[in-house]
Amino acid sequence: MEFIGRGNTVVNPRVMTIPGPLSGHQGSVLDPIVAIRHKIIIEPEETVTLELITGIGETKETCQNLIDKYQDKHHQDRVFELAWTHSQVVLRQINASEGDAQWYGRLASSILFINSVFRADPSILISNHRGQSGLWGYSISGDLPIVLLKIEDPSNMELVKQLVQAHAYWRLKGLAVDLVIWNEAHNGYRQNFQNEIEALIPIEYKDRPGRRFWSLRSDINGGSNPVSNRSTY
(Lines give C-alpha, C1' and ligand atoms only; values in the text may rest on other atoms or scores of the structure.)
Protein backbone atom coordinates (compact mmCIF):
# COMPACT_ATOMS: atom_id res chain seq x y z
CA MET A 1 0.00 0.00 0.00
CA GLU A 2 2.85 2.39 0.79
CA PHE A 3 4.97 1.80 -2.30
CA ILE A 4 2.70 0.35 -4.99
CA GLY A 5 -0.57 1.90 -3.82
CA ARG A 6 -4.14 0.75 -4.18
CA GLY A 7 -4.96 -0.44 -7.69
CA ASN A 8 -1.42 0.12 -8.98
CA THR A 9 1.25 -2.37 -10.07
CA VAL A 10 5.03 -2.66 -9.85
CA VAL A 11 5.15 -1.25 -13.39
CA ASN A 12 3.44 1.97 -12.28
CA PRO A 13 3.77 2.21 -8.48
CA ARG A 14 2.15 5.02 -6.54
CA VAL A 15 5.47 6.22 -5.13
CA MET A 16 6.72 7.24 -8.60
CA THR A 17 3.98 9.86 -8.85
CA ILE A 18 4.88 11.50 -5.53
CA PRO A 19 7.94 13.82 -5.51
CA GLY A 20 10.20 14.32 -2.54
CA PRO A 21 11.68 11.94 0.06
CA LEU A 22 10.14 8.55 0.70
CA SER A 23 8.11 8.02 3.84
CA GLY A 24 10.67 5.84 5.63
CA HIS A 25 8.20 3.19 6.76
CA GLN A 26 6.30 0.23 5.33
CA GLY A 27 2.63 -0.35 4.67
CA SER A 28 0.45 -3.35 5.52
CA VAL A 29 2.51 -6.13 3.94
CA LEU A 30 4.01 -9.44 5.00
CA ASP A 31 7.25 -8.82 3.09
CA PRO A 32 8.44 -5.19 3.37
CA ILE A 33 10.85 -3.92 0.71
CA VAL A 34 13.83 -1.60 0.78
CA ALA A 35 13.36 1.41 -1.53
CA ILE A 36 15.97 4.12 -2.09
CA ARG A 37 15.30 7.34 -4.01
CA HIS A 38 18.08 9.50 -5.42
CA LYS A 39 17.50 12.23 -7.97
CA ILE A 40 19.90 12.41 -10.92
CA ILE A 41 19.85 14.98 -13.71
CA ILE A 42 21.41 13.77 -16.97
CA GLU A 43 22.36 16.50 -19.41
CA PRO A 44 22.26 15.93 -23.21
CA GLU A 45 25.09 13.64 -24.39
CA GLU A 46 26.07 12.99 -20.78
CA THR A 47 26.71 9.53 -19.30
CA VAL A 48 26.10 8.66 -15.67
CA THR A 49 27.37 5.50 -13.96
CA LEU A 50 25.43 4.12 -11.00
CA GLU A 51 27.15 1.84 -8.50
CA LEU A 52 25.03 0.02 -5.92
CA ILE A 53 26.75 -1.60 -2.97
CA THR A 54 24.67 -3.57 -0.46
CA GLY A 55 25.83 -4.45 3.03
CA ILE A 56 24.56 -5.61 6.38
CA GLY A 57 25.43 -4.84 9.99
CA GLU A 58 24.21 -5.65 13.48
CA THR A 59 23.65 -2.00 14.47
CA LYS A 60 22.64 1.22 12.78
CA GLU A 61 26.05 2.68 13.64
CA THR A 62 27.83 -0.17 11.86
CA CYS A 63 25.68 0.34 8.76
CA GLN A 64 26.37 4.07 8.78
CA ASN A 65 30.11 3.41 8.98
CA LEU A 66 29.81 1.14 5.93
CA ILE A 67 27.95 3.88 4.06
CA ASP A 68 30.63 6.44 4.90
CA LYS A 69 33.41 4.02 3.96
CA TYR A 70 32.08 3.12 0.52
CA GLN A 71 31.19 6.67 -0.48
CA ASP A 72 34.90 7.10 -1.23
CA LYS A 73 35.10 6.44 -4.98
CA HIS A 74 38.71 5.25 -4.87
CA HIS A 75 37.83 2.79 -2.13
CA GLN A 76 34.82 1.63 -4.19
CA ASP A 77 37.01 0.91 -7.20
CA ARG A 78 39.46 -1.08 -5.07
CA VAL A 79 36.65 -3.14 -3.52
CA PHE A 80 35.16 -3.99 -6.92
CA GLU A 81 38.58 -5.03 -8.20
CA LEU A 82 39.17 -7.29 -5.22
CA ALA A 83 35.67 -8.77 -5.50
CA TRP A 84 36.25 -9.58 -9.18
CA THR A 85 39.63 -11.15 -8.42
CA HIS A 86 38.13 -13.25 -5.62
CA SER A 87 35.32 -14.48 -7.86
CA GLN A 88 37.83 -15.53 -10.53
CA VAL A 89 39.90 -17.45 -7.97
CA VAL A 90 36.78 -19.26 -6.75
CA LEU A 91 35.78 -20.22 -10.30
CA ARG A 92 39.26 -21.52 -11.13
CA GLN A 93 39.32 -23.48 -7.88
CA ILE A 94 36.29 -25.53 -8.95
CA ASN A 95 37.04 -25.34 -12.69
CA ALA A 96 33.81 -23.45 -13.47
CA SER A 97 32.93 -20.62 -15.83
CA GLU A 98 31.09 -17.38 -15.11
CA GLY A 99 28.03 -18.86 -16.82
CA ASP A 100 28.21 -21.87 -14.50
CA ALA A 101 28.35 -19.59 -11.46
CA GLN A 102 25.27 -17.68 -12.61
CA TRP A 103 23.36 -20.95 -13.05
CA TYR A 104 24.46 -22.19 -9.62
CA GLY A 105 23.29 -18.90 -8.12
CA ARG A 106 19.86 -19.21 -9.71
CA LEU A 107 19.62 -22.80 -8.52
CA ALA A 108 20.58 -21.70 -5.00
CA SER A 109 17.53 -19.43 -4.88
CA SER A 110 15.37 -22.56 -5.17
CA ILE A 111 17.19 -23.98 -2.15
CA LEU A 112 16.54 -20.91 -0.02
CA PHE A 113 12.97 -20.37 -1.25
CA ILE A 114 10.66 -23.23 -2.27
CA ASN A 115 10.30 -23.58 -6.03
CA SER A 116 7.49 -25.86 -7.21
CA VAL A 117 9.38 -26.58 -10.45
CA PHE A 118 11.95 -28.63 -8.53
CA ARG A 119 9.54 -30.18 -6.02
CA ALA A 120 7.86 -33.57 -6.21
CA ASP A 121 4.24 -33.78 -7.30
CA PRO A 122 1.86 -32.64 -4.52
CA SER A 123 0.27 -36.12 -4.45
CA ILE A 124 3.69 -37.58 -3.57
CA LEU A 125 4.46 -34.96 -0.92
CA ILE A 126 1.12 -35.39 0.83
CA SER A 127 1.58 -39.16 1.02
CA ASN A 128 4.72 -38.75 3.13
CA HIS A 129 3.91 -39.43 6.79
CA ARG A 130 7.48 -39.58 8.08
CA GLY A 131 9.36 -36.71 9.69
CA GLN A 132 13.00 -35.72 9.78
CA SER A 133 13.90 -38.83 11.76
CA GLY A 134 12.95 -40.90 8.70
CA LEU A 135 16.18 -39.68 7.07
CA TRP A 136 18.46 -40.91 9.82
CA GLY A 137 18.46 -44.50 8.55
CA TYR A 138 20.22 -43.20 5.43
CA SER A 139 22.83 -41.29 7.49
CA ILE A 140 21.17 -37.99 6.53
CA SER A 141 20.49 -35.65 9.45
CA GLY A 142 17.99 -33.41 7.71
CA ASP A 143 19.45 -30.37 9.47
CA LEU A 144 20.61 -28.88 6.16
CA PRO A 145 18.73 -28.25 2.90
CA ILE A 146 18.79 -31.34 0.70
CA VAL A 147 19.29 -31.36 -3.07
CA LEU A 148 18.20 -34.71 -4.54
CA LEU A 149 19.28 -35.89 -7.98
CA LYS A 150 17.62 -39.05 -9.31
CA ILE A 151 19.47 -40.53 -12.27
CA GLU A 152 19.16 -43.80 -14.16
CA ASP A 153 20.72 -43.14 -17.56
CA PRO A 154 24.54 -42.89 -17.86
CA SER A 155 24.04 -40.42 -20.70
CA ASN A 156 22.99 -37.88 -18.05
CA MET A 157 26.31 -38.12 -16.20
CA GLU A 158 27.03 -34.50 -17.11
CA LEU A 159 24.22 -33.46 -14.77
CA VAL A 160 25.96 -35.27 -11.91
CA LYS A 161 29.18 -33.38 -12.69
CA GLN A 162 27.29 -30.07 -12.71
CA LEU A 163 25.65 -30.65 -9.35
CA VAL A 164 28.88 -31.83 -7.72
CA GLN A 165 30.47 -28.62 -9.01
CA ALA A 166 27.48 -26.57 -7.84
CA HIS A 167 27.79 -28.10 -4.38
CA ALA A 168 31.45 -27.03 -4.22
CA TYR A 169 30.50 -23.52 -5.34
CA TRP A 170 27.77 -23.19 -2.71
CA ARG A 171 30.15 -24.38 -0.01
CA LEU A 172 32.74 -21.75 -0.98
CA LYS A 173 29.99 -19.13 -0.80
CA GLY A 174 28.92 -20.25 2.67
CA LEU A 175 25.74 -22.13 1.68
CA ALA A 176 25.72 -25.51 3.45
CA VAL A 177 23.72 -28.10 1.49
CA ASP A 178 23.55 -31.90 1.49
CA LEU A 179 23.61 -33.38 -2.01
CA VAL A 180 21.97 -36.79 -2.45
CA ILE A 181 22.56 -38.63 -5.74
CA TRP A 182 20.10 -41.50 -6.20
CA ASN A 183 21.16 -44.07 -8.78
CA GLU A 184 18.04 -45.71 -10.24
CA ALA A 185 19.75 -47.64 -13.05
CA HIS A 186 18.31 -51.14 -13.46
CA ASN A 187 20.46 -52.63 -16.20
CA GLY A 188 23.38 -55.03 -16.08
CA TYR A 189 25.92 -52.22 -15.88
CA ARG A 190 24.45 -50.52 -12.83
CA GLN A 191 27.52 -51.16 -10.65
CA ASN A 192 29.78 -49.61 -13.29
CA PHE A 193 27.44 -46.63 -13.35
CA GLN A 194 27.60 -46.46 -9.55
CA ASN A 195 31.39 -46.49 -9.66
CA GLU A 196 31.41 -43.65 -12.18
CA ILE A 197 29.19 -41.56 -9.91
CA GLU A 198 31.33 -42.21 -6.85
CA ALA A 199 34.49 -41.32 -8.80
CA LEU A 200 33.13 -37.79 -9.24
CA ILE A 201 32.82 -37.21 -5.49
CA PRO A 202 35.87 -35.40 -4.04
CA ILE A 203 37.35 -37.31 -1.11
CA GLU A 204 37.94 -34.09 0.86
CA TYR A 205 34.16 -33.72 1.35
CA LYS A 206 33.99 -36.68 3.72
CA ASP A 207 32.12 -36.20 7.01
CA ARG A 208 31.91 -32.42 7.10
CA PRO A 209 28.68 -30.40 7.47
CA GLY A 210 27.56 -29.07 4.12
CA ARG A 211 30.20 -31.17 2.35
CA ARG A 212 28.30 -34.42 2.28
CA PHE A 213 27.30 -36.51 -0.67
CA TRP A 214 25.19 -39.62 -0.56
CA SER A 215 25.39 -41.86 -3.60
CA LEU A 216 22.44 -44.21 -3.14
CA ARG A 217 21.39 -47.25 -5.14
CA SER A 218 17.92 -48.68 -5.31
CA ASP A 219 17.84 -52.39 -4.46
CA ILE A 220 18.52 -55.20 -6.93
CA ASN A 221 14.84 -55.92 -7.44
CA GLY A 222 14.17 -52.36 -8.51
CA GLY A 223 12.55 -51.26 -5.26
CA SER A 224 12.90 -47.91 -3.53
CA ASN A 225 14.93 -48.90 -0.48
CA PRO A 226 18.57 -47.78 -0.96
CA VAL A 227 19.90 -48.86 2.42
CA SER A 228 21.44 -52.20 1.43
CA ASN A 229 23.72 -50.64 -1.20
CA ARG A 230 24.70 -47.30 0.23
CA SER A 231 27.96 -45.42 -0.10
CA THR A 232 28.30 -42.42 2.17
CA TYR A 233 30.80 -39.59 1.72
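The values are calculated or read from the model by the stated rules, or taken from the named source; none is laboratory data. Small disclaimer: the values here were computed from a predicted structure and weren't measured. Cβ placement follows ideal geometry from the backbone for every residue including glycine, while neighbour counts extend to all protein chains displayed. Surface areas here come from the heavy atoms of the whole protein model, side chains and all, with no ligands, DNA or RNA. Shrake-Rupley method; radii C 1.70, N 1.55, O 1.52, S 1.80 Å.
Separation of region 29-86 and region 128-204, taken as the distance between their Cα centroids, equals 39 angstrom. Fully extending the segment from V11 to N95, taken as 0.36 nm per residue of separation minus the present Cα-Cα distance, adds 26.2 nm.
Percent of Cα pairs in region 97-150 per distance bin of 5 Å, from zero to the largest separation: 4, 14, 19, 24, 21, 9, 6, 3, 0.
Accessible surface area normalised per residue over region 50-164 is 78 Å², counting heavy atoms of protein chains with a 1.4 Å rolling probe. Loop-located chymotrypsin sites (Phe, Trp or Tyr not before Pro) across region 74-127 with a Cβ neighbour count of 15 or fewer within 10 Å are F113, with loop assigned by DSSP. The GluC sites (Glu not before Pro) found in region 3-93 that occupy coil by DSSP, while having at most 14 further C-beta atoms within 10 Å, are E45, E46, E51, E58.
How big is the Cα convex hull of region 11-94 in projection, averaged over all directions, in nm²? Intermediate results must be reported in sequence, preceding the final value.
Values: hull surface 40.3 nm².
Its average projected convex-hull area is 10.1 nm².
Report the FRET efficiency, 1/(1 + (r/R0)^6), for Y70 and Q102, where r is their Cβ-Cβ distance and R0 is 25 Å, rounded to 0.05. Efficiency at R0 = 25 Å is approximately 0.55. Accessible surface of region 129-205, 1.4 Å probe: 52 percent of it comes from carbon and sulfur atoms.
The fraction of accessible area contributed by carbon and sulfur in region 32-72 is 54 percent, rounded to a whole number (1.4 Å probe; ligands and nucleic acids excluded).
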